[in-house]
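> Starting off with a structure, shown below.
The values are calculated or read from the model by the stated rules, or taken from the named source; none is laboratory data. Just so we're clear, the structure is a prediction, and the values are computed from it rather than from any experiment. Note that each Cβ is placed from the backbone with ideal geometry, even for glycine, and that neighbours are counted across all protein chains shown. Please note that ligands, DNA and RNA were not included when accessible areas were found on the heavy atoms of the full protein model with its side chains. Shrake-Rupley method; radii C 1.70, N 1.55, O 1.52, S 1.80 Å.
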Amino acid sequence: MRYITFALAKGRLAKKAMAMLEEIGITCEEMKDEKTRKLIFVNEELKLKFFLSKASDVPTYVEYGAADIGVVGKDTILEEGRPLFEVLDLGFGKCDMCVCGPESAKKYLEHNELIRVASKYPNIAKDYFYNKKLQTVEIVKLNGSVELAPIVGLAEVIVDIVETGTTLKENGLQVLEKICPLSARMVVNQVSFKMEQERIQKIITDLKELTKEKEGN
Ligand code: PRP
């Protein structure tokens, strides 16, 4: 039996995903050691491997088959746009992708003005403005703390993730338009899905049952 390899977006997503997998009997003891510097973890009995990577790299590992299964946010899946099978909404990490800015920026969106849009997600921003709103804008890529952009005058609006809305509120900004809901998803390499269908399908089915149970509670 060959190993099935999981790539998990490191941080909160990976922790929650491992907790869910544990509930369906998939565990990895050596991953629980917080001090370890190991990069790859193995469950010999179940013939599974796990590794953590930067969220934006998870779709790359899965597309090339270096990982068979990935757990990553829908934001990253949309931004990366890679050919993968998205097989399951894991139901956690829920938030929204939004256009945000000060109230005074509303008029630029209503009148389709040529504005600057700052985002960590230039592809999502481009798709939204060019293909959905048919508004020509200039997109500026940033790597974090995107809320700064409209405050210091780099851009009129931003495209960013809103979870609780606290960051916006504390900086005098608001949601101007909602783009789409986001959450953690499971993705599968297209070849692995066919070659290891039975084992992968069992994991999906068990997780589906679990998410249904959780929604029911
Ligand atoms: C994300 C996002 C917002 C914030 C939203 O940032 O980019 O800044 O969380 O959360 P809230 O609505 O609950 O306030 P993250 O913490 O990932 O860091 P970043 O600024 O480096 O993107």
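> From the P(r) of the chain, can you give the percent of Cα pairs sitting at distances over 30 Å? Write out the running numbers ahead of the final one.
Values: 7641 of 23436 pairs.
Summing the P(r) of the chain above 30 Å gives 33 percent of all pairs.
> So how exposed is Leu39, as accessible area in Å² (1.4 Å probe, rounded to 10)?
Approximately 140 Å² of Leu39 is accessible to the 1.4 Å probe.
> If you don't mind, there's one more thing I want to ask. Would you mind telling me which residue in Asn143, Asn171, Asn123 has the biggest mean-square fluctuation in a Gaussian network model of the chain, where springs connect alpha carbons within a distance under 10 angstrom?
Highest fluctuation among the options: Asn143.
> Let me ask something else about it. What is the antiparallel percent of DSSP beta bridges lying wholly in region 1-123, to the nearest 5?
The antiparallel proportion sits near 30 percent.
> So, one more: If you line up the long axis of helix 12-23 against the longest principal axis of the chain, both from Cα atoms, how many degrees apart are they, to the nearest 10?
30
> Right, here's the next one. Taking region 32-90, which chymotrypsin sites (Phe, Trp or Tyr not before Pro) meet the DSSP loop condition and have no more than 12 other C-beta atoms within 10 Å?
Taking region 32-90 and a limit of 12 other Cβ atoms within 10 Å, the loop chymotrypsin sites (Phe, Trp or Tyr not before Pro) found are Tyr64.
> If you don't mind, another one. Find out how many positive minus negative residues lie around Lys133, taking Lys and Arg as positive, Asp and Glu as negative, among other residues whose Cβ is under 12 Å from that of Lys133.
Net local charge, Lys133 excluded: -2.
> Shifting gears a bit: So what is the calculated 222 nm ellipticity per residue for the chain, using -39500 (n - 2.57) for each DSSP H run with n of 4 or more, over all residues, to the nearest 500 deg cm²/dmol? Numbers along the way, then the final one.
Working: 9 runs with 70 residues, N = 217.
Rounded to the nearest 500, it is -8500 deg cm²/dmol.
> What does DSSP give for the chain in terms of the percent of beta bridges that are antiparallel, rounded to the nearest 5?
Bridges in the chain that DSSP calls antiparallel: roughly 60 percent.
> Sticking to Cα atoms, compute the Rg of region 66-154 to one decimal and its Dmax as the biggest Cα-Cα distance, whole number, in Å.
15.2, 47
> Expressed as an acute angle from 0 to 90° and rounded to the nearest 10, what is the orientation of the C-alpha long axis of helix 197-216 relative to the principal long axis of the chain?
60
> Antiparallel versus total DSSP beta bridges in region 92-217: what percent is that, nearest 5?
Rounded to the nearest five, the antiparallel share is 65 percent.
> In whole angstrom, how far apart do the alpha carbon centroids of region 68-125 and region 1-44 sit?
Distance between centres, Cα-based: 27 Å.
> Dividing the convex hull volume of the Cα atoms of region 3-81 by its residue count, what figure in Å³ per residue is obtained?
Taking the convex hull of the Cα positions in region 3-81, it is 87 Å³ per residue.
> If Ser56, Ser183 are ordered by their accessible area, calculated over protein heavy atoms with a 1.4 Å probe, which sequence runs from highest to lowest?
Ser56, Ser183
> To continue, here is another question. Give the range of the longest stretch in the chain that excludes all trypsin sites (Lys or Arg not before Pro) found in loop regions by DSSP and having at most 15 other beta-carbon atoms within 10 Å.
Details: sites that count: Arg2, Lys10, Lys32, Lys35, Arg37, Lys38, Lys47, Lys54, Lys94, Lys133.
Result, exposed sites excluded: 134-217.
> How much net charge surrounds Asp96 when only other residues with a Cβ under 11 Å from its Cβ are counted (Lys, Arg +1; Asp, Glu -1)?
Values: positive: Lys74, Lys94, Lys178; negative: Asp75, Asp160, Glu163, Glu177.
Around Asp96, the surrounding residues sum to -1.
> Using a 1.4 angstrom probe, figure out how much accessible area the chain has per residue, in square angstrom, rounded to the nearest whole.
With the other protein chains kept in place, the chain gives 55 Å² per residue.
> List the pairs from Lys47/Lys94; Lys141/Lys214; Lys32/Lys169; Lys178/Lys202; Lys74/Lys126; Lys126/Lys169 whose alpha-carbon separation is above 28 Å, in the order I gave them.
Lys47/Lys94; Lys141/Lys214; Lys32/Lys169; Lys178/Lys202
> Work out which GluC sites (Glu not before Pro) in the chain are exposed loop sites (DSSP not H, G, I, E or B, at most 12 other Cβ within 10 Å) and give the longest gap free of them.
With a cap of 12 other Cβ atoms within 10 Å, the longest stretch comes to 46-162.
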